[in-house]
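Peer 1: Dumping the structure here so I can ask a few things about it.
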Amino acid sequence: MTRRQPTRRQSKPQQRAAPAAALLGWYDAHARILPWRVGPAERRRGTKPDPYAVWLSEIMLQQTTVATVTPRYRQFLERWPTIADLAAAPLDAVLAEWAGLGYYARARNLHKCALAVVADHGGEFPDTEEALKTLPGIGQYTAAAIAAIAFDRRAVVIDGNIERVVSRYFAIETPLPASKPEIRDRAEAFWPQARSGDFAQALMDLGSGVCAPRGPKCDACPLNEGCAGRAKDLQNALPRKVKKQPKPTRYGAVYVLVNATGSVLFERRPEAGLLGGMLGLPGGDWTPITPEGGLDDAPARTRWERVGEARHTFTHFHLVLEVFAGRTRRAERAGEIWLAPADAALPTVMKKALAVFLDGEGAQQNLFRARK
């Protein structure tokens, strides 16, 4: 009678190597070409990533898509090719270049971080997560991403794509965000020692193109044989998420004040808060109820005409702005500037409000004609 050989358990290094090797092999063949990325073939030839480029792309990609970031990243890098160039730039220029990308605190922290790297680190990014996290605007995720991708440190990087891949691979059924600690622990267990940066980017690419939020392409996935979510037919249900509450709506008013030359009055918003430090049209607070009464927060005493409304959605709320237009001859005050609309670098919500006036027909357009 033949005796059965005992089943050999894989050691932790073997367990770690199996999915990592499969994923890295897939990445070598299918890595996306991105302007800030040093691909696997280039890395094998000895090309190293530029930490400045990695950092800039990671900050830009927060809450923004690759398609949106790609042209803006190129423009930004053409204007400020090194971190020393960025540190030497005026903050207003950085904010203007950032206009339209949203989450404007990122732009302010980008400038602060550049100043800190130049002043405190001789213009070179530190290469560890701990040191990176001391820099303005760099949290746990960004520090891990820079450490792994730029310096090939074994740093566990967790973004939305990686959360989805890990949740499905290990069939984690606890809903997000409560599952985040388990996701990190699971990722830590199979994260390789070598090629940490490539592994992080491979997971990102896998989540973006194969292990997609809807309709994952499991047959094309290099991890499909070991995927517990697929084995349980849960790939379309994971990661589970707590149902979000409906976004509230806030209301406000903005004023398009035009002078005799056809310029429009803009004001610099306070540093703290939403759209901090950006140019915008004058206006009052945004409140949960529809404004009533007079135009107490208007920037000038003149005949105001309501020309329409602008709508915009932020991460946590919808916004409805009533747009008023009027003329004045008054000079600008502290924190204000008269500009031609085409010369104003505005956040998207303010562009929408200004467009309500510029795209309108009739009486409001007469305001915009300079008087001889």
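Peer 1: Could you tell me whether Leu176 is of a type outside the set (Lys, Arg) and free of Cβ contacts under 8 Å to residues at least 24 places away in the same chain?
Peer 2: The answer is no for Leu176.
Peer 1: Which numbered condition trips up Arg329, out of (1) of a type outside the set (A, V, I, L, M, F, W, C); (2) open to solvent by 50 Å² or more (accessible area, probe 1.4 Å); (3) under 30 Å from Lys244 (Cα atoms); (4) at pLDDT 85 or above?
Peer 2: The one condition Arg329 does not meet is (3).
Peer 1: Hey, could you check the stretch 157-171 for residues that are buried (at least 24 other Cβ atoms within 10 Å of the Cβ) and β-branched (Val, Ile, Thr) and say which is nearest to the chain's Cα centre (by Cα)?
Peer 2: Going through the qualifying residues, I end up with Val157.
Peer 1: Let me spell it out: the conditions are (1) on the phi > 0 side of the Ramachandran plot; (2) at pLDDT 90 or above, and Val349 meets all of them except one. Which number is the exception?
Peer 2: That leaves (1) as the condition not met.
Peer 1: Consider only pairs whose beta carbons are under 7 Å apart and that are at least six residues apart or on different chains; among these, list those whose first residue lies in the stretch 315-326 and is over 15 Å from Gly284 (Cα atoms) and whose second residue is surrounded by fewer than 20 Cβ atoms within 10 Å (Cβ to Cβ) and of a type in the set (Gly, Ala, Ser).
Peer 2: Short answer, once both residue conditions are applied: Gly326/Ala300.
Peer 1: For the stretch 49-65, enumerate the residues that are at pLDDT below 95 and open to solvent by 50 Å² or more (accessible area, probe 1.4 Å).
Peer 2: Answer for the stretch 49-65, where residues must be at pLDDT below 95 and open to solvent by 50 Å² or more (accessible area, probe 1.4 Å): Gln62, Gln63, Thr65.
Peer 1: Can you tell me how many residues in the stretch 84-140 are among the basic types (Lys, Arg), closer than 29 Å to Arg154 by Cβ and not in a loop (DSSP other than H, G, I, E, B)?
Peer 2: The qualifying residues number 2.
Peer 1: Another question, if that's okay. Pick from the stretch 66-81 the residues that are closer than 22 Å to Asp205 by Cα and among the polar types (S, T, N, Q): which of them is least open to solvent (accessible area, probe 1.4 Å)?
Peer 2: Thr70
Peer 1: Follow-up. Being touching a residue at least 24 places away in the same chain (Cβ under 8 Å) and over 29 Å from the mean Cα position of the chain (by Cα) is the requirement here; does Arg230 meet it?
Peer 2: It is true that Arg230 is touching a residue at least 24 places away in the same chain (Cβ under 8 Å) and over 29 Å from the mean Cα position of the chain (by Cα).
Peer 1: If we scan the stretch 82-105, do we find a residue that is touching a Leu at 6+ places or on another chain (Cβ under 9 Å), crowded, with 20+ Cβ neighbours inside 10 Å and over 30 Å from Ala353 (Cα atoms)?
Peer 2: Yes: the stretch 82-105 contains one or more residues that are touching a Leu at 6+ places or on another chain (Cβ under 9 Å), crowded, with 20+ Cβ neighbours inside 10 Å and over 30 Å from Ala353 (Cα atoms).
Peer 1: A follow-up question, please. Just one of (1) open to solvent by 70 Å² or more (accessible area, probe 1.4 Å); (2) modelled with pLDDT under 90 trips up Glu309, so point out which.
Peer 2: Unmet for Glu309, out of (1) open to solvent by 70 Å² or more (accessible area, probe 1.4 Å); (2) modelled with pLDDT under 90: (2).
Residues are listed down the side, and each one gets a yes or a no for (1) small (Gly, Ala, Ser); (2) in contact with a Lys or Arg (Cβ under 6 Å, 6 or more places away or on another chain); (3) open to solvent by 30 Å² or more (accessible area, probe 1.4 Å):
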{"residue": "Ala187", "(1), (2), (3)": "yes, no, no"}
{"residue": "Ala202", "(1), (2), (3)": "yes, no, no"}
{"residue": "Ala212", "(1), (2), (3)": "yes, no, no"}
{"residue": "Gly226", "(1), (2), (3)": "yes, no, yes"}
{"residue": "Ala260", "(1), (2), (3)": "yes, yes, yes"}
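The values are calculated or read from the model by the stated rules, or taken from the named source; none is laboratory data. Predicted, not measured: the structure shown is a model, and the values here were computed from it. Positions of Cβ are backbone-derived with ideal geometry, glycine not excepted, and every protein chain shown enters the neighbour counts. For the accessible areas, the whole protein counts, side chains as well, though only heavy atoms, and no ligand, DNA or RNA atoms are used. Shrake-Rupley method; radii C 1.70, N 1.55, O 1.52, S 1.80 Å.
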